[in-house]
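Novice: Once you've had a glance at the structure underneath, I'll fire off some questions.
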Amino acid sequence: MKIGNKLFDTQNNCYIMGILNVTPDSFSDGGKFNTLDKALRHAEEMIAEGADIIDIGGESTRPGFTRISDEEEINRTAPVIEAVKKNFGVPISIDTYKHRVAAEAVKAGADLINDICGLRHDSGEMAKLIAEIGLPCCLMHNRDNTNYNSFMDDLLDDLRITLSIADNAGIPRENVILDPGIGFAKSYENNLEAIDRMDMLNELGCPILLGTSRKSVIGLTLDLPGSERVEGTVATTVIGVLRGAAFVRVHDVKENLRAVKMTQAIMKGYKRG
């Protein structure tokens, strides 16, 4: 899969997507990087630590988040995308479910659209946009209820609906990454099961992204605040690699990259020298 100027071997490797929230109210780092200078410094730090993609988001999607207008989200994200692209050239993802925001992000230089609603927020506008621009996308599992009959079967069925929307819009399957949506429309137990059984998503034929970084499933398990969930996140990253994740989306790049490298070395039987 090609994202921006980089080829990703999603069959044999797991890559790091570094999170850059340019929001005042993100659950774990709200307000820390919501000026251009701060955002650029943090992007530079994540790239130096080994991030393969920078995922830029302008609206918090934490539980109980406040929706903002398309214009405000564009004003937060587009200048940062332009600046990161100009200064570093790293592949950039825009974290949005709004097609107007995505369109402006692409104009600013975004290489991938990360849609937490899996093309199901609007009436097909996001799917049409992605098909027209021809960029890769990450489509996450989400729904407006937690009424599951058989959790993993229902999750897979929901993702099949998302893939059907993508197919009908003309989005090539080779441009699609799928995300099980940890922390979205799931109970604590559902989240643990989705991580543990993530390999079931491989039957859908698309690379998988796992995004657990500092999320409540880790906080509830370890009884720790967001700032102290690094080790818990690393544990889920190891499970993700073992279950076939092609990408992990994280705040703490250095620690998770080391975990990915060590896990892959054990799995692949690397030899030194």
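The values are calculated or read from the model by the stated rules, or taken from the named source; none is laboratory data. Remember, predicted model here, so these are calculated numbers, not experimental data. Virtual Cβ from ideal backbone geometry, glycine too; neighbours counted across all protein chains shown. Ligands, DNA and RNA are stripped out before the accessible areas are found, and what is left, the full protein with its side chains, is counted by its heavy atoms. Shrake-Rupley method; radii C 1.70, N 1.55, O 1.52, S 1.80 Å.
Novice: Amide H of Ile68 versus every other amide H placed in the peptide plane: which residues, excluding those fewer than 5 positions away on the same chain, fall under 5 Å?
Specialist: Excluding prolines and chain starts, which carry no amide H, there are no hits.
Novice: Taking amide hydrogens as modeled 1.01 Å from N in the peptide plane, which residues meet the under 5 Å criterion relative to Arg214, leaving out close sequence neighbours?
Specialist: Excluding prolines and chain starts, which carry no amide H, the hits are Thr233.
Novice: Taking the Cα centre of the chain as the origin and placing charges on Cβ (Lys, Arg +1; Asp, Glu -1), which of Ala259, Gly57, Ala246 is farthest toward the positive end of the dipole?
Specialist: Farthest along the dipole direction, towards plus: Ala259.
Novice: Note down the Stokes-Einstein diffusion coefficient of the range 95-141 in µm²/s, whole number, using a Kirkwood radius over alpha carbon pairs, 4 °C, and 1.567 mPa s.
Specialist: Value of D from the Cα-based Kirkwood radius: 127 µm²/s.
Novice: Shifting gears a bit: Under 11 Å from the Cβ of His99, count the other residues' Cβ atoms, weight Lys and Arg +1, Asp and Glu -1, and hand me the total.
Specialist: -3
Novice: On to the next question. As a check on your grasp of the helix formula, calculate [θ] at 222 nm for the chain: sum -39500 (n - 2.57) over DSSP H runs of n ≥ 4, divide by the residue count, round to the nearest 500.
Specialist: Calculated at 222 nm, the ellipticity per residue is -13500 deg cm²/dmol.
Novice: Here is a follow-up. Which of Lys38/Lys261; Lys85/Lys215; Lys186/Lys254; Lys107/Lys254; Lys107/Lys128 have a Cα-Cα distance over 20 Å?
Specialist: Correct reply: Lys38/Lys261; Lys85/Lys215; Lys186/Lys254; Lys107/Lys254.
Novice: Suppose a student asked you for the relative contact order of the chain, using Cα pairs under 8 Å spaced at least 6 residues apart; what percent would you report?
Specialist: It rounds to 18 percent for the chain.
Novice: Using Cα-only point scatterers and the Debye equation, what is log10 of I(q)/I(0) for the range 1-154 at each q in 0.10, 0.18 Å⁻¹, rounded to two decimals?
Specialist: -0.35, -1.12
Novice: Express in whole angstrom the spacing between the alpha-carbon centres of the range 65-127 and the range 141-173.
Specialist: Value for the Cα centre distance between the two parts: 22 Å.
Novice: Among DSSP beta bridges lying fully in the chain, give the percent that are antiparallel, nearest 5.
Specialist: Percentage antiparallel, nearest 5: 5.
Novice: Between Lys261 and Asn13, 0.36 nm times their residue separation minus their Cα-Cα distance comes to what?
Specialist: Roughly 88.3 nm would be gained on extension.
Novice: R0 = 35 Å: FRET efficiency of Glu49 with Thr221, Cβ-based, nearest 0.05?
Specialist: That pair, Glu49 with Thr221, gives E of 0.85.
Novice: Give the carbon-plus-sulfur fraction of the accessible surface of the range 155-239 in %, rounded to a whole number; probe 1.4 Å, heavy atoms of protein chains only.
Specialist: That share works out to 52 percent.
Novice: Same structure, new question: Among the aspartates and glutamates, which have Cα under 15 Å from the Cα of Lys86 when same-chain residues fewer than 8 positions away are ignored?
Specialist: Of all the aspartates and glutamates, those that pass the test against Lys86 - Cα under 15 Å, at least 8 places apart if same chain - are Asp37, Glu44, Asp111.
Novice: How high is the FRET efficiency from Thr35 to Leu242, r the C-beta distance, R0 35 Å, rounded to 0.05?
Specialist: Step by step, r from the Cβ atoms, then E = 0.35.
Novice: Top to bottom by accessible area (1.4 Å), largest first, where do Thr66, Thr237 land?
Specialist: Thr66, Thr237
Novice: Just to confirm, what accessible area per residue do you get for the chain at 1.4 Å probe, in whole Å²?
Specialist: Per-residue accessible area for the chain comes out at 45 Å².
Novice: At 1.4 Å probe size, put Lys38, Lys98 in order of accessible surface, largest to smallest.
Specialist: Result, largest first: Lys38, Lys98.
Novice: Using a 1.4 angstrom probe with every protein chain in place, what is the largest-first accessible-area order of Ile177, Ile133? Don't skip to the answer; put the middle values down first.
Specialist: Details: Ile177 5, Ile133 60 Å².
Order by accessible area, largest first: Ile133, Ile177.
Novice: Using only Cα atoms, what Kirkwood radius does the chain have, in angstroms?
Specialist: It works out to 18.5 Å.
Novice: Continuing with this model, one more query. With springs only between Cα atoms under 10 Å, which of Glu59, Glu73, Glu189 fluctuates most in a Gaussian network model of the chain?
Specialist: Judging by the Gaussian network model, the answer is Glu189.
Novice: May I have the convex hull volume per residue, in Å³, for the Cα set of the range 75-115?
Specialist: Value for the range 75-115: 52 Å³ per residue.
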